[in-house]
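For reference, the structure discussed in these notes is given below.
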Amino acid sequence: MRLRNKPWADERLGEFPNYAIAQPESHKGKWRELFGNDNPLYIEVGTGKGRFITEMAKAHPTINFIGIEVYKSVIVSALDLLIEAAVPNLKLLSVDAVNLADYFEKGEVDRVYLNFSDPWPKTRHAKRRLTHSSFLGIYESILPEKGEIHFKTDNQGLFESSLLSISDYGMKLTFISLDLHNSSFEGNIMTEYEEKFSKKGNRIYRLEAQYR
Ligand code: SAM
């Protein structure tokens, strides 16, 4: 993700406190109260400019969604999409996924989406991959038993290392596609990166995995 410095991003996010949640730790264990219903909660980690999570929220009104992105200068674009969509079932958090357990109770999140996560190809940076065992442990601490991760990427190296780390962690792989766009998978919602890289002819890999 190319970062443009947007010094106004913080102020802009602050203008929409119902959409961009400023103090997520104060909602730990109480996200359903904030949404005003008991619907399942799905989060996307590394939501970027937010197309996927906004389209998901529009397509699935009986599910609550939260888009999580570390950079305010990036999530501010997701905020624009959310303002336009004006859906009640989507919130945005500008936080680092490493701290997710500070914001969600065990079992409070029903599914984690990871889309086109940064590949961090060098071995010495492997711990930064969002499918590294340390992150799998963090997701496990907020998901219920048998909670799910859904992951897609165009990066073969990241996909392979993720398959390894997920199966080494003891999770069950319940879906694998090595060419999502030429498969029978229905209901795919494209992310910004997915559109860009599939237009270049890159294959899209996708997996679903479940904790035991
Ligand atoms: N998911 C979007 C898509 O497919 O178009 C964006 C993909 S972009 C390559 C990855 C995004 O993940 C970046 O915006 C980056 O800032 C975010 N990210 C990476 N590590 C993160 C972390 N630890 N916590 C939250 N966001 C993170």
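The values are calculated or read from the model by the stated rules, or taken from the named source; none is laboratory data. What you see is a predicted model; the values in this text were computed from it and never measured. In this analysis, Cβ positions are derived from the backbone assuming ideal geometry, glycine residues included, and neighbour counts consider all displayed protein chains. Accessible surface is based on the protein model in full, side chains and every heavy atom, while ligands, DNA and RNA are left aside. Shrake-Rupley method; radii C 1.70, N 1.55, O 1.52, S 1.80 Å.
Brief remarks follow.
- Selected residue [open to solvent by less than 50 Å² (accessible area, probe 1.4 Å) and within 14 Å of VAL109 (Cα to Cα)] from GLY50, GLY46, GLY29: GLY29
- Counted as qualifying within the range 125-212 are the helices (runs of 4 or more DSSP H) with 1 or more residues that are among the hydrophobic types (A, V, I, L, M, F, W, C), open to solvent by less than 40 Å² (accessible area, probe 1.4 Å) and closer than 15 Å to VAL45 by Cβ, namely 133-140, 156-168.
- Any hit, the range 100-107, residues being of a type outside the set (A, V, I, L, M, F, W, C), under 13 Å from the mean Cα position of the chain (by Cα) and open to solvent by 20 Å² or more (accessible area, probe 1.4 Å): no
- Test: residue in the range 117-135 that is farther than 23 Å from VAL70 by Cβ and touching a residue at least 24 places away in the same chain (Cβ under 8 Å): no
- Yes/no for MET171 being within 17 Å of the chain's Cα centre (by Cα) and touching a residue at least 12 places away in the same chain (Cβ under 8 Å): no
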